[in-house]
Every structure is written in C-alpha cells, then in structure tokens.
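Inspection log for the structure reproduced underneath, given as structure tokens.
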Protein chains: 2
Amino acid sequence: MRIGELAGRAGTTARAVRYYESRGLLPARRDAHGHRTYDERDLKLLREIRTLQDFGFELEETRPFVECLRAGHPEGDSCPASLAVYRRKLDELDALIGELRAVRARVAGQLSRAEQARTELAAEALVPGGPEPRCELVPEQAPGGQER
Amino acid sequence: MRIGELAGRAGTTARAVRYYESRGLLPARRDAHGHRTYDERDLKLLREIRTLQDFGFELEETRPFVECLRAGHPEGDSCPASLAVYRRKLDELDALIGELRAVRARVAGQLSRAEQARTELAAEALVPGGPEPRCELVPEQAPGGQER
DNA sequence: GCTTCCCTTGACGTCGGCGTCAAGCCGTAC
DNA sequence: GTACGGCTTGACGCCGACGTCAAGGGAAGC
C-alpha cells in the first residue's frame with residue numbers, strides 16, 4: 001500500500017508518516033515511480049507509534065518498541081528496553097500527577113480564600129454605615145477598551 | 001527601581017519582564033535615559049504573574065489578576081474574572097489529572113502484561129527440549145550502530 | 001484533451017515563553 | 001584613559017510534532 005492508505009488505516013496523516021521516516025523510525029521501500037510502499041508489518045509499526053504517542057510518549061521513546069518489532073519480536077514491548085521506557089514513564093506520570101494535585105490543592109485554597117473575602121466584603125457592605133464596596137460584584141463581560 | 005532589580009526581586013529575568021510588557025501586562029514608566037522604572041506596586045503585579053505562571057497558568061490567564069490589582073483591589077483574585085479563571089483552571093486540572101491517571105493505568109497494565117509474557121518465555125526456555133528463546137533477556141546498553 | 005487525485009521534495013509556519021546574541025548608550029570605578 | 005556592569009531595541013533560536021503551501025510528476029476516469 002502507499003502512504004495515504006497506510007496513514008488512513010493507522011488514523012494519522014501522510015505528513016506524520018514522512019516525519020517518522022525522517023526521524024529514522026519507519027523507513028520505506030519505493031516503487032518504480034519513487035512512491036513509498038508499505039506492508040502490514042509497517043502498519044503494525046505505525047500503529048505502535050500512534051498508540052504510544054496517544055499515551056503521551058515522545059517520539060524518541062517509541063524507538064525501542066519499533067526496533068523491538070523490527071527485530072522480529074511478537075510485540076513492541078517484548079524487549080527489556082521497552083519495559084524500561086514503560087517504567088520510566090510510570091515514574092514520570094506519578095511525579096506529574098503529584099505535582100498537578102498539589103497545584104490543584106493550592107488553587108482550590110486560593111479560590112475558597114478569595115470567595116470568603118468577597119463574602120465578608122459583601123456582608124460589610126450591608127451593614128448600615130459600613131464601608132463602600134471596594135470591588136464590583138458583577139463578572140466582567142466585555143469592558144471595551146482593554147485590548148492591546 | 002530598574003528592570004534588573006525588579007526581575008531579581010521577583011525571581012525572574014529582565015527578558016521575561018520585557019516580554020510581559022510586550023504582551024500588554026506590566027507597562028513601564030521611563031526615566032530621563034529611557035530606562036524602565038518600576039515601583040513596589042509593579043513588583044506586586046510581577047509576583048502575581050510569576051506565582052500564577054508557576055501554577056501552570058498561561059500568560060493570558062494572568063491578565064484578569066493583573067488588571068484587578070491595577071484597578072486598585074487589594075488582591076489579584078479580588079475580582080470575579082479572576083475567580084472565574086480559578087474555577088476554569090480547577091476544571092482543567094481535574095480533567096488532566098483524570099486523563100493522566102487513565103494513561104497511567106493503561107501503561108501499568110501493558111507493563112505487567114509484557115512482564116508476564118517474558119516470565120512465561122523464560123520458563124519455556126528452561127523446559128528441556130523447549131523452544132529456543134526468541135527474546136534476549138539482557139537489557140540493551142549501547143549496541144553500537146543505532147545512532148541517528 | 002482535461003480534470004482529479006495521489007504522490008514527490010523542500011521549505012516555512014505554528015504555539016508559548018522566553019534565551020541569546022548583536023550593536024550601541026550611559027555612568028561609575030579604578 | 002578603559003574596563004565593567006546595566007540598560008536599550010531588534011531579531012533570530014529553541015522545543016516537538018507535525019500543518020500547510022509551493023511546484024511539479026504520474027495515473028485513472030470521462
């Protein structure tokens with residue numbers, strides 16, 4: 001098959017396939033017209049790359065899987081180098097998830113603190129003789145005149 | 001104070017400060033020599049930007065906070081537009097964390113499946129008269145000839 | 001013949017948040 | 001003097017994974 005069909009069957013684009021080739025993954029044979037030709041094994045390679053990309057793996061991280069398949073192993077993760085990438089990715093994911101949860105907690109804290117402050121301000125504004133409101137309580141929609 | 005001191009006190013660089021100015025955040029006065037000059041209020045603005053950036057907010061998302069401070073409110077999150085950004089960010093964080101956890105689970109599943117397959121292969125290799133091993137069990141270090 | 005589609009290579013654009021270099025001005029310390 | 005540090009503007013570089021456009025070739029359908 002040619003590049004368009006290959007890409008379509010893997011759910012990607014011809015441009016991406018050429019890019020993978022330029023990176024040394026997924027080399028291609030050529031037919032008499034200079035067109036790239038691929039077989040089912042190439043499709044499996046490409047699908048392996050796409051799956052890992054969808055997981056958030058960088059292209060370089062897919063290389064061990066691709067080389068493992070090209071070496072004749074039944075799956076891309078049949079080789080120890082691929083398993084090492086899995087483990088490294090798990091560590092990265094754990095670290096990232098932990099950071100994001102910490103950020104989430106801090107943002108949530110800021111939000112509740114700010115909401116509390118606004119509530120108190122609103123309460124003060126209701127007190128007879130209280131201070132004039134320092135913050136408008138309506139959300140800004142399109143002020144007009146803040147661009148650039 | 002001038003740009004270098006401002007940046008240093010906020011833990012960032014003069015280049016970043018000029019970039020924020022080019023984006024319309026943090027405008028600067030100029031002295032007789034054309035040098036940018038800042039005061040303590042600018043420092044507070046800049047620290048607000050840096051804090052939010054450290055949380056992973058995009059620059060545009062810091063704009064409501066900066067405008068809120070410049071409008072004279074006590075905190076960057078004293079205005080409803082800022083609270084809206086907080087809430088949107090919480091939603092984004094929740095979605096992202098959820099996706100990452102799903103990916104983590106799938107990768108972990110792939111890893112344990114692949115490890116299991118390797119264990120079984122190793123066991124077969126030990127059976128007298130069993131199949132020859134299809135996968136090398138040693139990790140690849142520096143094969144030599146795989147660069148580029 | 002003509003249109004349409006797929007293919008080729010090459011090269012520049014995208015996005016965000018700056019880093020880094022170039023060339024020059026200014027004031028101060030030695 | 002002159003060396004140094006800090007400031008100015010302008011412009012290009014970077015990262016990753018492609019998108020998109022240009023200019024052309026070749027085959028298939030009408």
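A residue that is part of a loop (DSSP other than H, G, I, E, B), out of contact with any strand residue (DSSP E or B) (no Cβ under 8 Å at 6 or more places or on another chain) and touching a residue at least 40 places away in the same chain (Cβ under 8 Å) can be found somewhere in the stretch A:16-26. Scoring A:Glu115 on the criteria (1) surrounded by 15 or more Cβ atoms within 10 Å (Cβ to Cβ); (2) at pLDDT below 95; (3) of a type in the set (Asp, Glu) leaves a single failure, condition (1).
Counting the residues of the stretch A:2-22 that are surrounded by 14 or more Cβ atoms within 10 Å (Cβ to Cβ), over 13 Å from A:Glu48 (Cα atoms) and either among the β-branched types (Val, Ile, Thr) or more than 8 Å from DNA strand C (Cβ to nearest atom) (or both) gives 4. Set side by side, the residues A:Arg104, A:Arg9, A:Arg70 differ, and just one is away from every other protein chain (no Cβ under 14 Å), more than 15 Å from DNA strand D (Cβ to nearest atom) and touching a helix residue (DSSP H, G or I) at 6+ places or on another chain (Cβ under 9 Å), which is A:Arg9.
Within the stretch A:58-78, is even one residue within 18 Å of B:Val103 (Cα to Cα), in contact (Cβ under 8 Å) with a residue 12 or more places away in the chain, within 16 Å of DNA strand C (Cβ to nearest atom) and surrounded by 13 or more Cβ atoms within 10 Å (Cβ to Cβ)? Yes, that holds for at least one residue. Scan the stretch A:27-38 and give yes if some residue there is within 16 Å of DNA strand D (Cβ to nearest atom), surrounded by 14 or more Cβ atoms within 10 Å (Cβ to Cβ), part of a loop (DSSP other than H, G, I, E, B) and not charged (D, E, K, R), otherwise no. Yes.
Could you check, for the stretch A:40-57, whether at least one of its residues is more than 21 Å from the chain's Cα centre (by Cα), in a loop (DSSP other than H, G, I, E, B), more than 14 Å from chain B (Cβ to nearest Cβ) and within 16 Å of DNA strand C (Cβ to nearest atom)? Within the stretch A:40-57, none of the residues are more than 21 Å from the chain's Cα centre (by Cα), in a loop (DSSP other than H, G, I, E, B), more than 14 Å from chain B (Cβ to nearest Cβ) and within 16 Å of DNA strand C (Cβ to nearest atom).
The values are calculated or read from the model by the stated rules, or taken from the named source; none is laboratory data. If you're wondering where the values come from, they're calculated on a predicted model, not measured in any experiment. Note: ideal-geometry Cβ built from the backbone for every residue, glycine included; neighbour counts use all protein chains shown.
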